[in-house]
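The structure appears below as structure tokens.
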Amino acid sequence: MSWIREGELTIIERFCANIIKAGPMPKHVAFIMDGNRRYAQKCHVERQQGHSQGFDKLAQTLRWCLNLGIREVTVYAFSIENFKRSKEEVDGLMDLARQKFSRLLEEQENLKKHGVCIRVLGDLPLLPLDIQELIAQAVLATRNYNKCFLNVCFAYTSRHEISNAVREMAWGVEQGLLEPSDVSESLLDKCLYTNNSPDPDLLIRTSGEVRLSDFLLWQTSHSCLVFQSVLWPEYSFWNLCEAILRFQMNYNALQKARDSYMEERRRQQMERDQAYVTKKLQQEGFTSHGDSWRRRTLLQKCTAMREERIQGFLQALEHKRADFFERLCTVSA
């Protein structure tokens, strides 16, 4: 089964899609694709068949998203917690991953046609080396495509991602690329696996479970969360439309909360910069208010130097991550 199915919507689906697209549309949708094992049990088939059907549904859902103008999708494919399942099931999931990433490498023309950039997010060294190599080839082969983006969270949990981001910032300080005062929420955002993506507008979980299961905890603080009872392999275009309608009903409140949060973040950064400038002025012998011209000059210099350090650090971090994939491709070659 192809990663992205060809084909158009039916007449009735196109009609409903046009109505939905008259309202605000999510640009980035995340899916917790839950219910594969229960689907297999329901249909009296092997668990592996349930997971395979789940992948087929992903391919179909990606087509629906493309037709609806949703240009970024993030899916929870394999949690680090899933390693605790039976060896038989984990081995089966790894075999499925081998098949699907190998298939992806055979679909270069289709991915190029749609401009699909594939990103795989997670602690990839936890995976078998051959799967790491397939992933690296897929990521590097599509990294310059920018019409739409598929983020596959594999060997991932959000707490692990946040812990890793903290370690990356500590590495930046240790290497002399950052000052301890540069560490902030904004910088942590940029150190996450998802640093190249906007936060999801809409998160959908299937199967009736009403928890996030350690998925995108940081990124979904201002997202619309929709929990649907349908099992993932049975997901339909109409289920997706229902979730988008619920997003549209809550759009104004979500946008207001997001804007308020960003404004508060900017205010806090300004307060930190002003406190730094006040301290510097006092060290230079000025009064607490100091000379206004000197204060403005120091504030501008402080901001510029911080931004320069952060940009240098982020470039080094990006290079480190790219080098990881390139080394894997060299090994496989």
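Considering only Cα-Cα distances, which of the following residue pairs are longer than 32 Å: Lys27/Lys280; Lys190/Lys301; Lys190/Lys256? Numbers along the way, then the final one.
Working: Lys27/Lys280 44 Å; Lys190/Lys301 22 Å; Lys190/Lys256 23 Å.
Beyond 32 Å: Lys27/Lys280.
What part of the accessible area of the stretch 1-123, given as a whole %, is carbon or sulfur when the probe is 1.4 angstrom?
Values: 3020 of 5890 Å².
Carbon-and-sulfur percentage of accessible area, whole number: 51.
Starting at the first residue of the stretch 43-60, write each ³J(HN,Hα) from the Karplus equation 6.51 cos²θ - 1.76 cosθ + 1.60 with θ = phi - 60°, in whole Hz, x for Gly and Pro.
8, 6, 10, 5, 4, 4, 5, x, 5, 5, 5, x, 5, 4, 5, 4, 4, 5
Give the long-range amide H neighbours of Val120: residues separated by 5 or more places, or on another chain, with amide H under 5 Å away, using H modelled in the peptide plane at 1.01 Å from N.
Close amide H contacts, sequence-distant or interchain: Val152.
Would you be so kind as to identify which of Tyr251, Gln219, Ser186 lies farthest towards the positive end of the dipole of the chain, taking Lys and Arg as +1 and Asp and Glu as -1 on Cβ and the Cα centre as origin?
Looking along the dipole axis, the top candidate is Tyr251.
What number do you get for the chain when its Cα radius of gyration is normalised by 2.2 N^0.38 Å, N = residues?
Values: Rg = 22.8 Å, N = 333, 2.2 N^0.38 = 20.0 Å.
It is 1.14.
Using only alpha carbon pairs under 8 Å that are at least six residues apart, calculate the relative contact order of the chain and give it in whole percent. Can you show the working numbers first?
Working: 422 pairs, mean separation 72.6, N = 333.
This gives 22 percent for the chain.
So, counting K/R as plus one and D/E as minus one, what does the shell of residues with Cβ under 14 Å around Cys224 add up to?
In short, +2.
For Arg296 and Glu179 in one chain, what is 0.36 nm times their gap in residues minus the Cα-Cα distance, to one decimal in nm?
40.0 nm
With +1 on each Lys and Arg Cβ and -1 on each Asp and Glu Cβ, how big is the dipole of the stretch 53-208 about its Cα centre, in debye rounded to the nearest 20? List each step's numbers first, then the result.
On the way: 18 positive and 22 negative charges, 125 e Å.
Roughly 600 debye for the stretch 53-208.
When every alpha-carbon pair in the stretch 1-97 is counted, what percent end up more than 19 Å apart? Don't skip to the end; give the middle numbers.
Working: 2403 of 4656 pairs.
Pairs farther apart than 19 Å: 52 percent.
Could you compute how much accessible surface Ser292 exposes when probed at 1.4 Å, giving the result in Å² to the nearest 10?
Its accessible surface works out to 70 Å², give or take rounding.
Over every pair of different alpha-carbon atoms in the stretch 178-333, take the mean of 1/r and invert it; report that Kirkwood radius in Å. Don't skip to the end; give the middle numbers.
Details: mean 1/r = 0.0507 Å⁻¹.
Hydrodynamic radius (Kirkwood, Cα only) of the stretch 178-333 equals 19.7 Å.
Give me the 1.4 Å probe accessible area per residue for the chain, excluding ligands and nucleic acids, in Å². If you can, show how the numbers build up before the last one.
Working: 17030 Å² over 333 residues.
Here the per-residue accessible area is 51 Å².
The values are calculated or read from the model by the stated rules, or taken from the named source; none is laboratory data. The shown structure was predicted, so the numbers you read here are calculated from the model rather than taken from an experiment. Methodologically, a virtual Cβ is constructed for each residue, glycine included, from the backbone with ideal geometry; neighbour enumeration extends over all protein chains shown. Side chains included, ligands, DNA and RNA excluded: accessible areas come from the protein's heavy atoms. Shrake-Rupley method; radii C 1.70, N 1.55, O 1.52, S 1.80 Å.
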